[in-house]
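Note sheet for the following structure.
What follows draws every value from the coordinates through simple rules; no lab data is involved. All values reported here derive from a predicted model rather than from experimental measurement. Reconstructed Cβ throughout: ideal geometry from the backbone, glycine too, with neighbour counts over all protein chains shown.
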Amino acid sequence: MATASRLLLVMNLFVFVIAASAHETTALPEPSVTRIALGSCAFQWEDQAILNRVVEARPDIYLSLGDAIYGDFDGENLVPVTPESLKSEWARLAAIPAFQNLRANVPILATWDNHDYGCHDCGAEFSLKKESEQVFLDFWQVPTEAPVRQYPGVYQSKFLDSQGKQIQIILLDTRTFRDRQLLAERPQEQGGSLGKYAPNPNPGAQLLGNAQWSWLERELKLHADLRFIASSTQVIADQKGMDEWGNYPAERQRLIDLINQTTAGNVVLLSGNVHYSEVSKIDAVPYPLYDFTASGLTHVSEEYAEVPNPYRVSDPYAELNFGLVEISWSEAGESQIKFETIGLDGNTKLSVSVPGKLEE
């Protein structure tokens, strides 16, 4: 495709993504969506050159899954935030040439994690969450009439029409309504976890909040041929004791139960946060439920990658990376999915294919 035509395609798709309502389905210009890129965890004072590799991969959409900036961290210490300081840090991201290249060429959907939320490991108790939400939505150029502007939180859903198949993208908000995490009693050297948190046995401990759960149930009841549920933190992996769904086992089970109760077929989980990439899988629904994690646009953690993950179906990759989901359709109409972790050099470092139809 000629460069001018490609740019026109991207502009048209960008208009579609930010203007569509939460339940609206709009046909995409050809070629239809086949690639979804995802990434998380980036320092706004670094060049973020890997975003140029994202553009070169020619994704149809990019999902920013949290910590797009570190608004509460200066590279050495946690710092207090104000609405003005958050705006300033988002402006630093906007000034990075690699980010400008991404924004100009690829439509973006975003949710947040703790650092772009503005408070380290915070949840509902963050006193500036309303102000931070306004700054966040403004930065990502969300239209004033968009449904996400009408309720607390940044969760949202988009439908894409791909060759007559409906692809649903659901972005969850794991910060706005979350109860405080439970501190672990034992450090790793005493047989505890690497992180500082433990599973909360309280069945009432909230992660998503009642309003978001009701919304998610409605979304999962809508028709879709393929669904991606994106979370800023890992859903399946639960051994690290860091910020993850495993710290809220009742909420994690509630998500699995909801997928089962709504008979939502072909659900795929996407996640970030952990500073490395991997693919996990469980068999808790009538088909294999995968969680593809892509994290570490500017920094990674080998320590977290080394923590055992009994659900892992790929080796972890703990160098700079972004994720790429490639989707094709068989003649029988079944989705063919491939998860790829792409490194700073633009080459594939991890690849997991999901053959055939997920739903049984």
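Worth pointing out:
- Cβ-placed point charges (K, R +1; D, E -1), dipole of the chain about Cα centre in debye, nearest 20: 680
- This ranking places 144, 293, 341 by how few other beta-carbon atoms lie within 10 Å of each, fewest first, which gives 144, 341, 293.
- Prolate/oblate/rounded call for the stretch 162-282, Cα gyration tensor, a/c under 1.5 rounded: prolate
- A cut-off of 5 Å between modelled amide H atoms, ignoring neighbours fewer than 5 places along the same chain, links residue 108 with 62.
- Distance between modelled label sites at residue 180 and residue 76, nm, 7 Å Cα→Cβ extension: 3.0
- Residues with amide H under 5 Å from that of residue 298, placed H, sequence gap 5 or more: 43
- Label point at residue 94 placed 7 Å out along Cα→Cβ; residues across the stretch 100-116 whose backbone nitrogen lies under 20 Å: 100-113, 115-116
- Taking each residue as 0.36 nm, the span from residue 124 to residue 250 lengthens on full extension beyond its C-alpha to C-alpha distance by 43.6 nm.
- Once the Cβ-Cβ distance of residue 214 and residue 145 is raised to the sixth power relative to R0 = 22 Å, the FRET efficiency obtained is 0.50.
- Label zone (residue 328, point 7 Å along Cα-to-C-beta; backbone nitrogen cut-off 17 Å) within the stretch 44-71: 58-60.
- For the stretch 159-174, backbone phi angles converted through the Karplus equation (6.51, -1.76, 1.60; θ = phi - 60°) give residue-by-residue couplings of 10, 10, 9, 10, 6, x, 9, 9, 9, 10, 10, 10, 9, 8, 10, 9 Hz, Gly and Pro being listed as x.
- Rough spin-label spacing in nm, given labels placed 7 Å along Cα→Cβ, for residue 260 and residue 56: 4.5
- Summarising the amide proton neighbourhood of residue 322: residues at separation of 5 or more, or on other chains, whose placed amide H is nearer than 5 Å comprise 342.
- Taking 0.36 nm per residue of sequence separation and removing the Cα-Cα distance, the residue 85/residue 319 pair yields an extension gain of 81.3 nm.
- Derived scalar couplings between HN and Hα for the stretch 230-237 equal 9, 10, 5, 10, 5, 9, 8, 4 Hz in order, rounded to whole Hz, by the Karplus curve 6.51 cos²θ - 1.76 cosθ + 1.60 (θ = phi - 60°), x for Gly and Pro.
- All other residues whose Cβ lies under 11 angstrom from that of residue 317 are scored, Lys and Arg at +1 and Asp and Glu at -1, for a net of -4.
- Helix-only CD estimate at 222 nm, as mean residue ellipticity for the chain, using -39500 (n - 2.57) per DSSP H run (n ≥ 4): -7000 deg cm²/dmol
- The value for the chain of Rg(Cα) / (2.2 N^0.38 Å) is 0.92.
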